[in-house]
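See structure below.
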Amino acid sequence: MITLIRRPNPSRFWSYATPVAAVIATMIAGGLLFALLGKHPVEAIRVIFYEPLFGENAAYFRGQLLVKAGPLVLIACGLAVGFRAGIWNIGAEGQYIMGALASAWLALHMYPAESHWLFPAMIVLGAIGGLLWAMIPALLKVWFGTSEILVSLMLVYVAENLLAYMAFGPLKNPEGYGFPGSRNLQDYPSAHNAELIAGTGLHWGVVAALVAVIFTYILMHRHIMGFRIRVAGEAPRAARFAGVVPARLVMISLGFAGALAGLAGMFEVSGPAGQITDSFNVGYGFTAIIVAFLGRLHPVGILLAGLLMALTYIGGDMAQLTLGLPSAAIQVFQGMLLFFLLGFDVLTNFRVRLGRRAVA
Amino acid sequence: MIIGGIDIIGLIAILMSASTPVLLAATGELVAEKSGVLNLGVEGMMIMGAVAGFAAAVATGNPVLGFLGGAIAGALMATLFAVITQIFLSNQVASGLALTLFGLGLSALIGKGYEGVRPPPTAKIDFGPLSDIPVLGRIVFSHDWMVYLSLLLVVVVWIVLRYTRVGLVLRAVGESHDAAHALGYRVVAVRFAALAFGGALAGLGGAYLSLVRVPQWTEGMTAGAGWIALAIVVFASWRPWRVLLGAYMFGGITALQLQLQAAGYAIPVHILSMAPYVITIVVLVILSAIHRHGVQAAPASLGKSFHASS
């Protein structure tokens with residue numbers, strides 16, 4: 001008989017080891033899945049995790065790594081703050097869309113005027129777009145106690161429909177020969193979020209992601225606000241006695257997450273994506289949830305987890321190209337990773353004992 | 001009866017069919033939450049039910065086996081969730097999200113070969129002359145058997161929860177797992193069963209979408225129906241009859257929205273498509289505003305992990 005005994009304090013060793021163990025377990029389970037799909041498991045894992053970094057065409061793929069990791073890290077940093085406080089914003093995808101819409105609206109409105117101020121203004125508007133969208137669940141939570149989980153998620157579908165409406169309607173390219181989608185911001189120098197160093201994939205969004213990592217680290221680990229957030233998540237009662245105002249915490253953590261997600265949307269629409277289309281969003285807001293947990297809600301961990309998750313995206317594309325692995329297989333792979341991670345986490349908080357527990 | 005270009009009787013008839021997927025999923029989730037577990041993976045279980053049900057129906061040519069397949073797939077997904085949250089004591093919110101993400105991916109993978117395929121039709125029940133009754137005939141006696149089964153399930157869940165020993169134990173586990181444990185009830189086993197039942201119903205709901213409502217398989221076809229089911233349980237204050245009310249209200253909005261699109265109103269399609277989600281939020285807000293100063297309707301142990309030592 002196996003019994004679990006609660007540890008007095010979470011194990012430090014296991015809190016570092018579980019993400020690694022989860023990745024290894026996912027590789028094994030993923031290998032089995034690929035084998036079921038008729039692909040050679042070891043070959044598939046090698047194509048996904050090794051080829052994009054060190055293979056023949058690595059030069060191209062390495063650049064893509066930063067392009068994909070940028071938004072994931074940016075969004076996950078914001079989400080982690082809320083998750084620490086026990087506030088579940090799962091609507092980052094919607095906040096990402098709203099940030100992109102707000103900044104693209106400004107750029108398309110200004111077109112074709114060139115100005116140095118346009119790009120910074122777009123950044124501000126992108127953050128505000130995401131922030132305001134996140135304020136809806138935050139205010140409803142504070143005023144009426146409505147579940148932020150359900151409201152933030154519902155708003156993803158609202159944002160997706162708004163995105164499609166904009167792509168087919170108000171923001172449609174007037175010179176687009178009737179095709180849906182806005183003008184391409186890549187052809188509009190003042191609004192284009194171009195690569196900073198050619199071939200590296202490094203654009204302003206990646207810089208913003210690094211800044212977000214540092215900022216989140218200071219906020220969560222070097223500032224009283226971060227301490228309050230963590231206490232509120234781990235011991236809500238103690239936090240109240242210590243004078244933490246729950247309402248303010250809800251507003252701050254949702255607002256922060258919304259602003260970062262909005263920024264991610266802004267950098268994406270002005271850079272790699274280029275235009276508003278109805279298929280602009282590709283699920284970064286949801287994958288970022290996995291990134292946040294895989295990084296153990298710690299900014300540095302999130303940075304590493306974001307790179308790893310970006311690698312699975314790129315490796316997945318590569319495996320699709322060379323091995324004919326269906327693109328959905330990577331989605332399954334990412335989902336499994338979160339499952340294993342959550343499952344293994346029992347080792348962080350509990351000791352596993354063989355044999356019956358002595359009756360106290 | 002036609003008002004503003006919209007056939008009201010037709011609307012009510014469509015409403016019942018449009019509501020069935022969320023009604024099934026919400027009824028299942030109600031049982032799971034009554035046992036004290038918050039399973040946010042309804043969307044993932046529904047979409048797996050949709051794809052598995054579709055695959056089973058196409059493979060066997062029998063829609064009944066399809067629904068069975070959908071229910072089994074949903075129950076399996078729920079069991080996975082139960083293992084993670086009840087044995088490995090993982091956070092229920094995070095695990096529910098994981099279940100949804102995993103389900104969306106896996107269903108897309110399985111469903112690749114089924115795009116564009118037509119499933120075997122689910123026959124409507126022949127009520128003979130009953131369906132010729134004006135108004136009533138079209139509203140009540142014009143559906144397939146799943147619509148009636150979903151209504152029957154609501155009644156069964158209501159009776160079991162309210163009047164039977166099984167229901168009492170389930171509610172006890174949901175209200176105070178420590179007290180239930182001290183009385184000798186097997187908390188984890190009860191929760192496993194409740195979750196599996198909830199998963200089976202979510203799977204049925206998903207299969208109804210892919211086999212009857214649409215009827216075909218497309219990636220991500222549940223489009224938030226699982227999340228709306230979760231909202232309906234909150235709206236219903238964890239009571240079966242109110243789940244029925246909530247699901248039919250939601251179905252009504254969906255049906256109305258589709259009819260408005262068909263009637264050619266000058267409202268953009270995408271704006272109309274937002275309606276179900278916006279209204280769900282509005283209803284949630286009204287409900288939470290009412291409950292804020294009233295009784296706590298949620299099961300007291302909802303969302304808390306149970307560990308026998310603590």
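We did not get these values from a lab; they are worked out from the coordinates using the rules stated. If you're wondering where the values come from, they're calculated on a predicted model, not measured in any experiment. Heads up, the Cβs are rebuilt from the backbone with ideal geometry, glycines too, and the neighbour counts pull from every protein chain shown.
Table for the structure above
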| quantity | calculated |
| --- | --- |
| Selected from B:ILE232, B:ILE271, B:ILE87 as most flexible by GNM, with chain B as the system and alpha-carbon contacts under 10 Å | B:ILE271 |
| On Cα atoms only, tilt of B:240-262 relative to the major axis of chain B in degrees | 30 |
| Residue of A:ARG62, A:ARG46, A:ARG84 that the Gaussian network model of chain A assigns the largest fluctuation, springs spanning Cα pairs under 10 Å | A:ARG46 |
| Value of [θ]222 nm, deg cm²/dmol, for chain A, DSSP H segments ≥ 4, -39500 (n - 2.57) each, nearest 500 | -23000 deg cm²/dmol |
| About the Cα centre, charge dipole magnitude for chain B (Lys/Arg +1, Asp/Glu -1 at Cβ), debye | 560 |
| Gap separating the Cα centres of region A:320-342 and region B:224-288, nearest whole Å | 33 |
| Rg to Rh quotient for region A:117-200, alpha carbon positions, Kirkwood Rh | 1.09 |
| Computed E for A:ILE5/B:ASP178 - FRET, C-beta separation, R0 22 angstrom, nearest 0.05 | 0.80 |
| Set of region A:287-301 residues, backbone N closer than 18 Å to the point 7 Å along the Cα-Cβ line of A:TYR16 | A:294-301 |
| Cα coordinate range in chain A, projected on the principal axes (Å, largest first) | 77, 56, 33 |
| Degrees separating the helix B:225-235 axis from the principal Cα axis of chain B, which is the longest one | 60 |
| Cut-off of 10 Å, at most 12 other beta carbons, DSSP loop: longest stretch of chain A lacking such chymotrypsin sites (Phe, Trp or Tyr not before Pro) | A:178-360 |
| Rg/Rh for region A:1-160, where both radii come from Cα atoms and Rh is the Kirkwood radius | 1.09 |
| Residue mean of other protein chain beta carbons inside 10 Å, A:290-299 | 1 |
| Listed residues A:ALA208, B:SER237, B:VAL283: farthest to the positive end of the dipole of the protein assembly as shown (Cβ charges) | B:SER237 |
| Within region A:65-325: Cβ-based charge dipole about Cα centre, in debye rounded to nearest 20 (Lys, Arg +1; Asp, Glu -1) | 1120 |
| Footprinting exposure proxy for B:GLU29, A:GLU234 (fewest neighbouring C-beta atoms within 10 Å first) | A:GLU234, B:GLU29 |
| Ranked list, fewest to most other Cβ atoms within 10 Å of each Cβ, for A:VAL156, A:VAL211 | A:VAL211, A:VAL156 |
| Net charge, B:ALA172 excluded, C-beta distance under 14 Å - Lys, Arg +1, Asp, Glu -1 | +4 |
| Over 48 Å [Cα-Cα, the protein assembly as shown], rounded percent | 13 |
| Hydrodynamic radius by Kirkwood, which averages 1/r over all alpha carbon pairs of region B:2-292, in angstrom | 19.4 |
| Dipole magnitude (debye, nearest 20) for the protein assembly as shown, charges at Cβ of Lys, Arg, Asp, Glu | 2600 |
| Lys/Arg +1, Asp/Glu -1 at C-beta; the protein assembly as shown dipole; positive extreme among A:ALA80, A:VAL282, A:THR312 | A:ALA80 |
| Measure of compaction for region A:211-341 (Cα Rg per 2.2 N^0.38 Å) | 1.27 |
| Peptide B:274-284 - average C-beta neighbours from other chains (10 Å radius) | 5 |
| Kyte-Doolittle at least 0.5, axis length at least 18 Å by Cα - qualifying DSSP helices, chain A | A:12-36, A:58-84, A:92-110, A:118-144, A:148-168, A:204-221, A:246-270, A:299-323, A:328-344 |
| Cα centroid of region B:150-186 to Cα centroid of region A:10-63, whole Å | 44 |
| Span from the region B:14-85 Cα centroid across to the region B:93-143 one, whole angstrom | 11 |
| Sorted by Cβ neighbour density within 10 Å, fewest at the top, the residues B:THR79, A:THR18, A:THR348, B:THR164 | B:THR164, B:THR79, A:THR348, A:THR18 |
